[in-house]
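Here the structure is laid out as structure tokens; the discussion comes afterwards.
The values are calculated or read from the model by the stated rules, or taken from the named source; none is laboratory data. Since we're looking at a predicted model, the values are computed, not measured. Surface areas here come from the heavy atoms of the whole protein model, side chains and all, with no ligands, DNA or RNA. Shrake-Rupley method; radii C 1.70, N 1.55, O 1.52, S 1.80 Å.
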Amino acid sequence: MTETVLLLAWLVLAHLAADFVLQTGPIVRAKNGRGTAALGGLLAHALIVAACLVPVGLAFGGPGWAFVGWSAGLHFVIDETKIVLTRRTAASALADAHLRHEGPQPP
């Protein structure tokens, strides 16, 4: 039981460190950019996530390393999806606000 709690604590700490301590402003700006800059930012962040999980790989061997790779890849996909959906939502909200502000246009 103690080992499970310690593992869970490490995973939470690693996630917080990767997302809030080690993810720098330039990485965030790159992630939210477009094209190769966005890809570079997402890859840099995924590598930070993987680096924070290295102790899990060392502790559990093959399954641990698989978890590290899976977690970093999933983090990449989740962050990319979040950025795309945020852009769509913002564009939709701006279009709705513009229509409400301007009102119907005369023919």
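In table form, for the structure just shown:
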read-out	value
Accessible area (Å², per residue) of segment 33-107, counting only protein heavy atoms and a probe of 1.4 Å	67
Alpha-carbon Rg/Rh ratio, for the chain, with Rh computed the Kirkwood way	1.21
Candidates Ala93, Ala66, Ala30, ranked by Gaussian network fluctuation over the chain, Cα under 10 Å, top entry	Ala93
Carbon and sulfur %, accessible surface of the chain computed with the full protein complex present, 1.4 Å	73
